[in-house]
Amino acid sequence: MRKERLAEEKREALAAYARYVNPQKVRVLKNAGLDIIEGKREGAYVWDMNGTRYIDCVTSAGSFNVGRRNPEIIAALKQALDQYDLGGFLMCSKPKADLAKKLSEITPGDLQYVMYGTGGGEANDFAIKLARGFTMKTEVISTLKAYHGHTGFSLAAIGREEYRKPFEPMVPGFRHVPFNDLDAMKNTVTDETAAIIIEPVQGEGGIHPATDQYLQGLRQLCDEREVVLIFDEIQTGFGRTGKMFCCEYAGVVPDIMTMGKSLGGNLYPISAAIYRDELNDFIVTHPFIHLSTFGGSDLGCIVGMAAVDYIMKNRLPEHAAAMGERFQKGFDDLLKRYPELLLEVRRKGLMMGLQYTNDSIGPRMSYQLARHGVMAIYTGNEPSVMRLMPVLGIRPEEVDEVLDALDKSMAEIMKQGGIEKY
Ligand SMILES: Cc1ncc(COP(=O)(O)O)c(C=O)c1O
């Protein structure tokens with residue numbers, strides 16, 4: 001009886017979502033078996049309102065590194081609510097200062113000053129503004145397939161024309177070059193180039209890791225041509241790739257690093273851009289040039305601090321690296337057994353992309369995986385790539401559960417006629 005009532009409540013919620021928010025989204029998710037209304041959430045798991053349990057391998061594109069409804073972060077937020085509110089955005093505050101100090105300690109090299117925001121796009125907007133303001137140059141170079149956010153400057157930096165086209169004219173001065181191609185970047189930099197912005201692993205673009213040599217080459221190029229190097233670590237940051245920040249693999253320190261998503265502990269929106277002392281000259285002369293009412297609120301900073309502490313205390317980057325290896329063993333086996341479906345796996349820690357042989361496989365795999373208790377989605381930019389980004393604290397037996405679900409789902413698709421059917 002209770003089950004029926006929950007199923008009915010779920011139907012009503014989906015109908016209301018379709019009617020008042022976005023009907024096409026409901027249709028697309030339904031076709032991928034993901035017309036789930038999130039109910040209970042805990043650790044690596046999420047439950048549909050109707051009671052079905054899933055291992056969450058979507059995690060809002062790497063926003064839930066600390067797990068779903070992490071009790072320690074909840075406790076920190078509850079305690080903060082006894083004393084704090086958002087805080088005045090113009091005012092100096094202890095939580096803002098404390099988190100900024102912590103971020104400067106855990107980021108590589110001499111990154112020091114922090115500008116807060118609420119979302120990732122906003123952090124990238126600031127990074128590009130700072131680069132232009134500081135260099136007094138205008139050109140910005142980003143990469144094809146890059147994703148940097150849906151707001152002004154970030155949108156112009158996106159490397160997918162379909163996302164920009166309906167909103168043209170974009171902010172002028174943006175150029176897009178192939179990813180992992182240092183020569184293309186060298187040939188595009190001019191004396192007017194203010195910044196290069198890059199994701200150390202392209203996420204939305206289909207999980208493409210930058211090579212160490214590429215990032216090192218970009219650093220050298222930027223030094224030679226006096227260009228500001230921006231690393232967008234919004235998806236790769238806070239342990240996701242097996243290091244606290246992905247650029248640590250290449251030993252490269254950018255001039256500005258942006259972060260968001262998991263900084264909010266999956267409880268409170270906050271983003272940040274952290275930059276070198278040298279760039280602060282611009283902010284010193286324009287201390288009120290970039291303001292955000294909600295960015296870096298006191299509550300957000302307290303949650304951010306709790307999230308960073310949790311990640312460090314539990315050595316989540318190391319754990320992510322180990323669990324990534326465990327996944328890889330299973331992927332190697334799947335690659336051998338299902339060559340018709342699975343072409344390659346690209347991975348850095350727990351940022352994992354399964355490259356299928358065909359565009360239709362992504363949605364079909366999402367559908368099958370949901371039937372086997374795993375929530376996973378193909379990337380919007382690349383339906384032939386399934387992104388797997390579980391919570392970083394995923395346990396070995398949960399990794400095996402996901403691998404088992406992948407195996408069963410692939411077997412099911414082969415039984416249905418493999419790729420021939422489509
Ligand atoms: C690499 C990267 N940069 C920026 C963003 C934008 O972040 P937000 O959606 O919080 O504005 C995203 C979001 O997916 C992202 O993956």
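The values are calculated or read from the model by the stated rules, or taken from the named source; none is laboratory data. Please read these numbers as outputs of a predicted model, since none were measured by experiment. Cβ placement follows ideal geometry from the backbone for every residue including glycine, while neighbour counts extend to all protein chains displayed.
Please state which one of A156, A80 is small (G, A, S), more than 16 Å from the ligand (Cβ to nearest atom) and in the same structural domain as D255 (by TED's automatic domain parsing). Let's see the steps before the verdict.
Details: A156 fails: more than 16 Å from the ligand (Cβ to nearest atom).
Criteria check complete, one pass: A80.
Name the one entry in Y249, Y268 that is more than 14 Å from the chain's Cα centre (by Cα) and more than 16 Å from the ligand (Cβ to nearest atom).
Going through Y249, Y268 in turn, the sole match is Y249.
Taking region 8-27 only, how many residues are among the hydrophobic types (A, V, I, L, M, F, W, C) and exposed (fewer than 14 other Cβ atoms within 10 Å of the Cβ)?
Total meeting the criteria: 4.
Here is a check on your reading of the model: is I158 under 19 Å from R219 (Cβ atoms) and buried (at least 20 other Cβ atoms within 10 Å of the Cβ)?
In short, no.
Could you count how many residues in region 122-145 are within 20 Å of the chain's Cα centre (by Cα) and either outside the structural domain of G260 (by TED's automatic domain parsing) or surrounded by 24 or more Cβ atoms within 10 Å (Cβ to Cβ) (or both)?
Number satisfying all stated conditions: 9.
Considering every residue within region 283-301, establish whether at least one is β-branched (V, I, T) and buried (at least 22 other Cβ atoms within 10 Å of the Cβ).
No, every residue in region 283-301 fails to be β-branched (V, I, T) and buried (at least 22 other Cβ atoms within 10 Å of the Cβ).
Within region 212-236, restricting attention to residues that are within 12 Å of the ligand (Cβ to nearest atom) and in contact (Cβ under 8 Å) with a residue 60 or more places away in the chain, which residue is surrounded by the fewest Cβ atoms within 10 Å (Cβ to Cβ)?
T236
Filter region 127-178 down to residues that are modelled with pLDDT of 95 or more, among the polar types (S, T, N, Q) and closer than 20 Å to A272 by Cα, then give me how many there are.
Within region 127-178, residues that are modelled with pLDDT of 95 or more, among the polar types (S, T, N, Q) and closer than 20 Å to A272 by Cα number 2.
Under the condition of being assigned to a helix (DSSP H, G or I) and away from the ligand (no atom under 16 Å from the Cβ), which residue from region 163-183 is surrounded by the most Cβ atoms within 10 Å (Cβ to Cβ)?
Residue satisfying both the conditions and the ranking: L182.
Give region 64-118 a look and list any residue that's crowded, with 17+ Cβ neighbours inside 10 Å, within 23 Å of the chain's Cα centre (by Cα) and aliphatic (A, V, I, L, M), or say none.
V66, I73, L77, L99, A100, L103, L111, V114, M115
Assigned by TED's automatic domain parsing to the domain that holds I361, closer than 28 Å to G206 by Cβ and away from the ligand (no atom under 16 Å from the Cβ): is that true of P23 in this structure?
yes
Of everything in region 130-153 that's more than 19 Å from M115 (Cα to Cα) and touching a His at 6+ places or on another chain (Cβ under 9 Å), which residue is farthest from the ligand (Cβ to nearest atom)?
Among them, the one singled out is I141.
Kindly indicate whether G39 is surrounded by fewer than 18 Cβ atoms within 10 Å (Cβ to Cβ), without any contact (Cβ under 8 Å) to a residue 60 or more places away in the chain, assigned to a loop (DSSP other than H, G, I, E, B) and not assigned by TED's automatic domain parsing to the domain that holds Q235.
Taking the combined requirement at face value, the residue does not satisfy it.
Any chance region 36-52 includes a residue that's touching a Ser or Thr at 6+ places or on another chain (Cβ under 7 Å) and aliphatic (A, V, I, L, M)?
No - not one qualifying residue is present in region 36-52.
In the list L334, L392, L350, which residue meets the criterion of being closer than 21 Å to I413 by Cα, at pLDDT 95 or above and of a type in the set (A, V, I, L, M)?
Of L334, L392, L350, the one residue that is closer than 21 Å to I413 by Cα, at pLDDT 95 or above and of a type in the set (A, V, I, L, M) is L334.
Being part of a strand (DSSP E or B), of a type outside the set (S, T, Y) and either within 14 Å of the ligand (Cβ to nearest atom) or out of contact with any Leu (no Cβ under 7 Å at 6 or more places or on another chain) (or both) is the filter here, so list the residues in region 95-129 that pass it. Talk me through it step by step, then tell me what you get.
Looking only at region 95-129, we keep the residues that are part of a strand (DSSP E or B), and these are 111-117.
Narrowing further to those that are of a type outside the set (S, T, Y): 111-112, 114-115, 117.
Once the filter is applied, which keeps residues that are part of a strand (DSSP E or B), of a type outside the set (S, T, Y) and either within 14 Å of the ligand (Cβ to nearest atom) or out of contact with any Leu (no Cβ under 7 Å at 6 or more places or on another chain) (or both), region 95-129 yields L111, Q112, M115, G117.
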